[in-house]
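Trainee: First the structure, which I've put down as structure tokens, then a few questions once you've had a look.
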Amino acid sequence: MYTNNKLSKAVRLAIAFGAASATAFTASVSAQEEEGAKIEKIQVTGSRIQRADIESASPITVFSAEDLAASGHVTIEGFIQSIPSMNGGMNGRQTNNGSGGAAAASMRGLGSVRTLILINGRRTATGDLNTIPMGFIERVEVLRDGASTIYGSDAIAGVINFITKRNFEGAEVVAQYDVTGESDGEGRSLSVTLGSSSNRGNAVLSLEYSDRKPIWQGDREFSAIPWGERNGERVMAGSGANSFGTWTPYDRNSPYFGSNDDPTSPYFGQGAWVVDPQNGAVRRYDQTIDSYNFAPASYLVTPQKVFSANATANYELTKDVSAFLEAGFTNRQSDQLMAADGTFWGARMTADHPNNPIGEDISVSRRLEETGGRSFRQDYYAYRMVTGLEGSFDNGWAWDVSYNYARYTDASLDIGRANPGRYNKMLSPAACNADPKCAAVGIWNPLEANSLTPEQLAYASVPNSPLTVGVNKQLMANLTGDTGDFSFDAGSIGWAVGYERRDTSLVVTPDGGAVVGEIYSVTASPTEGSYSVDEMFAEVNVPLLAGVTGADRLDVSAAVRMSDYDFLSSHTTAKFGVEYVPVQGLLLRATFSDGFRAPSITNLYGPQSESNISYVDPCHQWGTSTASQIVKDNCASEGLSPNIQLTNLQSASIVGGNPDLGPEESESYTVGFVYSPNFVQNLSIAIDYYNIEITNGLGAPSVTALIAQCYGSENFSAPACDSIKGPTHPIVNRPALPGSDYRALAANPIVSGIIATTQNIATFETSGIDFDVNWHTDLLGGRFNARLDGTYLRSYDYQSLSGVAVLEMAGKFGADPNFGGRPAAFSKLRSNLGLSYSVDNWNVLWVARYQSGVDDINFRATALSSSVGSYIYHDLQGSYTFPNNLSLTAGVRNLFDKQPPYVTNGNDMNTLNSSYDTAGQYLYARLAYRF
């Protein structure tokens, strides 16, 4: 059978310690089984040099396939996002608004765009974790260090390298079933892995299918109602666009214009009106009873189905040359569902409409509940093909040449979209009668619930079906070896050189209805772009000392990479590392690197569109607020009442690509040690300090910061005001509040038209400490294992643009700049403690997942919940392996059904859905059979 025994040993060493830092292992793979045996070398994540051990200066954590299975997750997403070094607002199954069905990893909280995802050391079509099949993974190597010099752009925060099964033989079938303690959110998965070997090669085929059912926000008490706060109490704070219409007169001189300033009135501070659905009376809009509860129509956990087929093969062509092949296919069918669209553009109900309550033109905000909601569906296909040759020379030098072609197609379908022109026609008798199609369905009364007929829906609603296609091509050639007899006393100099060419393209084809401007809030311009980059790199590892007093080993390493993009100036990055072993069992290590991230293809050419971004409004009850006099004067100049209630605000902002972007740059360093004391057997302790600084960072400006800057300047004179184009911007397309340049005419007059496209404006600086402790011992005839791994976030400072305050996010929750401003927790301490015991065919595992408490970055003492205490989730699992290689596993995630916290300044679901478990207790059972 064709196997690499030394590589297998190296991997077994890593897995023996669970998820220990790879540098903890003092055993060398180069130990010869017999005199004159050939030394086998391997390559670890973070270096291109093949070496005889798995030590490196960079901190690496290795997870085995058994670790993945022990997590109890159906897909890789849940496992990766539970790693303590991940932080912030990651997209995934708990993201209903804005994920697009993808699942992301955000190392150090720096975003998925700065966390490079690799398969066997090569790039994927996208960073979507849903394309990584659980059953095909042999191990996961997580590099917690900047690696732009080794892998090129995007590896600023770190690298996650999924190593697939390459020498598998036999067959394995794994089936799993999940369900919550509330009997919903079912998950099913089935994987089949087949492998066969000969004396010259091996082939592996993996098929996997998973199906996740939805959970509705209305099915959990904490998310069933969108809460707001008034006078120290929680009140219903749904959308002002309700199912029977909220309206405001267009005429500023109308007796119905303006806010209610009577503090004794239940409608105090409110400026909109309704026709009471109970008695038909015209009265003030009351948020507590008239706002729309959008929660029951929205997902808490999104559904998806994923099918994947993957294969690897390697074959010895000659003694020193082998061919290899990797092929992958994934189809993801995902869905996000939110409440129905509304006439957010300020639908104009004319004065002559028979149901107009005041005989004046009015702006109506009406939820189009009859459509059944806004469904965002993705039919996503990802393909990947890698082919190449690898071999070695008689002097031990190794080489490989490969070509990687990766392509994805995202065919989306949005249902329930509105055609503003046709809805407006149905609100004007004259305009409707002049159009035969409108006249055929008749005028519509938006001030009555359930008044849209099927014929009117067919006339005025339109689907949106854009298509996105991305292609990545990667040509790589690597050569690695050592200087042989030309060496220091401590050993030969290891080196690696290589060349890489990447070509990336993106084509976004909008729906035909959007092209002609018939779909509300959907951009109409098709976008297309591409770029290419040529890169060369070199890396050396120099052993300076070995086996001398005070230095059992001292190695220094260096790497350099030159990147030449066809749309940027050439750029060079470098990395340096030190490994020092003063005595056996203790490794001191340090790295320094500068990083480089070119704009991604979506940063450059992604279409511009409207996004409704949550923000803090400085004019909320400005008469009694602590705002400056300048802010108060500006709020008053727009005709806003001193007592105006502005809650549950989402600014209509313009987001998307920018072809004029430049690169972002970074500097990072790590310092740490790994200690395996000889007085405690099988104990390994790894502690590493990290620091990362990013300048000229790619990001969207903070909507809250722009508005605060603008309103905090005299007569709106700040440069930030130039970024607020107002509600009449073509993409936003809403009527303006009379007398205001910035606010839309609506029940809540939101600030609109903010240019929040990607720009080189942000700076990030983060630092902290990673720690891993692993120990195992024989106990009562079995084996006891303990593993503690965690990250302490010392600092996370973010400045969205020059001139605004630096946000110190460590230990806080607030808008994550990397995920559309979604509120997320940046806990100072995240850790996982796992205790397991195995005896005979039994195994029991308990895991405690801890995250420390956080405070609102915009802390208000009057808020009901500006702080969240520490959280601990408990997981329990037991398994039994039968003599015929059949194993049965049963477990519970979130054993005690810990519910997520209520926070005042949350977004979706009244909580921080990216940071806390929203589904509750999950029970699962798994069968695995290998033959």
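The values are calculated or read from the model by the stated rules, or taken from the named source; none is laboratory data. Please read all numbers here as calculations on a predicted model, not as lab measurements. Positions of Cβ are generated from backbone atoms using ideal geometry, with glycine treated the same way; all protein chains shown enter the neighbour counts.
Let's see how each residue does on (1) under 26 Å from residue 887 (Cβ atoms); (2) at pLDDT below 95:
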| position | (1), (2) |
| --- | --- |
| 145 | no, yes |
| 148 | no, yes |
| 165 | yes, yes |
| 175 | yes, no |
| 186 | yes, no |
| 203 | yes, no |
| 208 | yes, no |
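Trainee: Can you pull out the residues in the stretch 423-447 that are buried (at least 20 other Cβ atoms within 10 Å of the Cβ) and in contact with a helix residue (DSSP H, G or I) (Cβ under 7 Å, 6 or more places away or on another chain)?
Mentor: 423, 425, 426, 432, 438, 441, 443, 444
Trainee: Looking at this structure, is residue 265 free of Cβ contacts under 8 Å to residues at least 40 places away in the same chain and more than 36 Å from the chain's Cα centre (by Cα)?
Mentor: Answer is yes for this residue.
Trainee: Here's another thing I want to ask about it. Scan the stretch 731-754 and give yes if some residue there is surrounded by fewer than 21 Cβ atoms within 10 Å (Cβ to Cβ) and under 16 Å from residue 804 (Cα atoms), otherwise no.
Mentor: No.
Trainee: Let me ask something additional. Looking only at strands (runs of 3 or more DSSP E) that fall completely inside the stretch 848-931, which ones have 1 or more residues that are of a type in the set (A, V, I, L, M, F, W, C) and surrounded by fewer than 20 Cβ atoms within 10 Å (Cβ to Cβ)?
Mentor: Strands (runs of 3 or more DSSP E) meeting the threshold: 871-881, 886-893, 922-930.
Trainee: Continuing with this model, one more query. Could you check the stretch 559-644 for strands (runs of 3 or more DSSP E) lying wholly inside it with 2 or more residues that are modelled with pLDDT of 95 or more?
Mentor: 571-581, 586-597
For (1) modelled with pLDDT of 90 or more; (2) crowded, with 22+ Cβ neighbours inside 10 Å; (3) assigned by TED's automatic domain parsing to the domain that holds residue 793; (4) closer than 30 Å to residue 178 by Cβ, each residue gets a yes or a no:
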residue	(1), (2), (3), (4)
16	no, no, yes, yes
30	no, no, yes, no
42	no, no, yes, no
52	no, no, yes, no
61	yes, yes, yes, yes
87	yes, yes, yes, yes
92	yes, yes, yes, yes
95	yes, yes, yes, yes
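To keep it simple, each residue is scored yes or no on (1) within 30 Å of residue 121 (Cβ to Cβ); (2) touching a Ser or Thr at 6+ places or on another chain (Cβ under 6 Å); (3) not assigned by TED's automatic domain parsing to the domain that holds residue 532.
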| residue | (1), (2), (3) |
| --- | --- |
| 410 | yes, yes, no |
| 414 | no, no, no |
| 434 | no, no, no |
| 438 | no, no, no |
| 444 | no, no, no |
| 455 | no, no, no |
| 460 | no, no, no |
| 464 | no, no, no |
| 470 | yes, no, no |
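Trainee: Do we find that residue 262 is acidic (Asp, Glu) and either assigned to a loop (DSSP other than H, G, I, E, B) or touching a helix residue (DSSP H, G or I) at 6+ places or on another chain (Cβ under 8 Å) (or both) in this structure?
Mentor: In short, yes.
Trainee: Which is under 28 Å from residue 400 (Cβ atoms) and either acidic (Asp, Glu) or outside any loop (DSSP other than H, G, I, E, B) (or both), of 547, 529, 494?
Mentor: Selected residue: 494, the only one of 547, 529, 494 that is under 28 Å from residue 400 (Cβ atoms) and either acidic (Asp, Glu) or outside any loop (DSSP other than H, G, I, E, B) (or both).
Trainee: Being closer than 20 Å to residue 810 by Cβ and in contact (Cβ under 8 Å) with a residue 40 or more places away in the chain is the filter here; which residues of the stretch 854-869 pass it?
Mentor: 854, 855, 856, 857, 858, 860, 868
Trainee: Another question, if that's okay. Residue 247: farther than 27 Å from residue 134 by Cβ, outside any loop (DSSP other than H, G, I, E, B) and in contact (Cβ under 8 Å) with a residue 24 or more places away in the chain, yes or no?
Mentor: yes
Trainee: Based on this model, can you work out whether residue 624 counts as closer than 30 Å to residue 863 by Cβ and hydroxyl-bearing (Ser, Thr, Tyr)?
Mentor: Yes.
Trainee: Tell me the strands (runs of 3 or more DSSP E) entirely within the stretch 154-236 that contain at least 1 residues that are closer than 19 Å to residue 328 by Cα. Show your work before the answer.
Mentor: Details: elements: 158-164, 170-180, 187-197, 201-212, 227-230, 233-236.
Because the criterion is at least 1 residues that are closer than 19 Å to residue 328 by Cα, the strands (runs of 3 or more DSSP E) in the stretch 154-236 that meet it are 158-164, 170-180, 187-197, 201-212.
Trainee: Now for a different question. Show me the strands (runs of 3 or more DSSP E) found entirely inside the stretch 772-845 where at least 3 residues are of a type outside the set (S, T, N, Q), more than 25 Å from the chain's Cα centre (by Cα) and surrounded by 15 or more Cβ atoms within 10 Å (Cβ to Cβ).
Mentor: On the way: elements: 782-799, 812-816, 822-826, 829-839.
The strands (runs of 3 or more DSSP E) meeting that bar are 782-799.
Trainee: Look through 560, 542 and report the one residue that is out of contact with any helix residue (DSSP H, G or I) (no Cβ under 9 Å at 6 or more places or on another chain) and not assigned by TED's automatic domain parsing to the domain that holds residue 145.
Mentor: 542
Trainee: A further question follows. Out of everything in the stretch 271-289 that is closer than 20 Å to residue 347 by Cα and either in a loop (DSSP other than H, G, I, E, B) or β-branched (Val, Ile, Thr) (or both), what residue ends up being farthest from the chain's Cα centre (by Cα)?
Mentor: 282
Trainee: Could you grab me the full set of residues in the stretch 735-755 that are in a loop (DSSP other than H, G, I, E, B) and either touching a Gly at 6+ places or on another chain (Cβ under 6 Å) or assigned by TED's automatic domain parsing to the domain that holds residue 806 (or both)?
Mentor: Answer for the stretch 735-755, where residues must be in a loop (DSSP other than H, G, I, E, B) and either touching a Gly at 6+ places or on another chain (Cβ under 6 Å) or assigned by TED's automatic domain parsing to the domain that holds residue 806 (or both): 735, 739, 741, 742, 745, 747, 748.
Trainee: I would also like to ask the following. On the given criteria, is residue 802 over 30 Å from residue 638 (Cα atoms) and touching a residue at least 40 places away in the same chain (Cβ under 8 Å)? Even if it seems obvious, please write down each step before you answer.
Mentor: Numbers: over 30 Å from residue 638 (Cα atoms): no; touching a residue at least 40 places away in the same chain (Cβ under 8 Å): yes.
Here the answer is no, as residue 802 does not meet what is asked.
Trainee: Could you say which residue among 379, 410 is surrounded by fewer than 20 Cβ atoms within 10 Å (Cβ to Cβ) and within 30 Å of residue 303 (Cβ to Cβ)? Before the answer, list the steps.
Mentor: Working: 410 fails: surrounded by fewer than 20 Cβ atoms within 10 Å (Cβ to Cβ).
Going through 379, 410 in turn, the sole match is 379.
Each row is one residue, and each column tells you yes or no for (1) free of Cβ contacts under 8 Å to residues at least 24 places away in the same chain; (2) more than 24 Å from residue 645 (Cβ to Cβ); (3) not aliphatic (A, V, I, L, M).
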| residue | (1), (2), (3) |
| --- | --- |
| 269 | no, no, yes |
| 277 | no, no, yes |
| 287 | no, no, yes |
| 292 | no, no, yes |
| 327 | no, yes, no |
| 336 | no, yes, yes |
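Trainee: Also, quick follow-up: Can you tell me which residues in the stretch 720-760 are among the small types (Gly, Ala, Ser) and more than 22 Å from residue 602 (Cβ to Cβ)? Quick ask: steps written out before the conclusion?
Mentor: At the first step, the residues of the stretch 720-760 found to be among the small types (Gly, Ala, Ser) are 720, 723, 726, 736, 739-740, 744, 746-747, 752-753, 756.
Hits for the stretch 720-760 are 720, 726, 736, 739, 740, 744, 746, 747, 752, 753.
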